[in-house]
1. Name the residues in segment 74-124 that are assigned to a helix (DSSP H, G or I), within 22 Å of the chain's Cα centre (by Cα), hydroxyl-bearing (Ser, Thr, Tyr) and loosely packed, with under 10 Cβ neighbours inside 10 Å, would you?
2. Cβ-Cβ below 6 Å, separation at least six or inter-chain, first residue in segment 85-108 and assigned by TED's automatic domain parsing to the domain that holds ASP66, second of a type in the set (D, E, K, R) and part of a helix (DSSP H, G or I): which pairs?
Amino acid sequence: MNAYNSIIKFGKAQLNTNQNGEEMICFYPNLLKKGIEDTQFNTQSHPLKTLTDEEIIEGLAELEHDQWMSWADSIMKSEKISDNIFARWASLMIPYSELSEEMKEYDRVWARKALAILRKAGEK
């Protein structure tokens, strides 16, 4: 029997609670290559990788930065924006890992909001 109760599945990960009611995001590393989704797995045969809140927030923040770059790129190509904004946005078109801590924090704000929504959805 699986030691975790699945709350929400998204992609190849799940937001789970363990028997103590602690929340965690779990990925199935053995199965990522095989592309197996939407199936219950036994944790003994397919060990879970549990992420800390900090790791979840960093992953979501990186996703937010990628989303912002896509949005900003489309605006920069289709709209007339000031030279100052264009230059500022262009300077931020770099991988999340290369951003300053100050700039990463802007993405983390949205990551925390996304995580709160996932947790709230799991309460239903």
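1. Across segment 74-124, the qualifying residue is only SER97.
2. TYR96/GLU62; ASP107/GLU64
The values are calculated or read from the model by the stated rules, or taken from the named source; none is laboratory data. The structure displayed is predicted, hence computed values, not measured ones. Backbone-built Cβ (ideal geometry, glycine too); neighbour counts: all protein chains shown.
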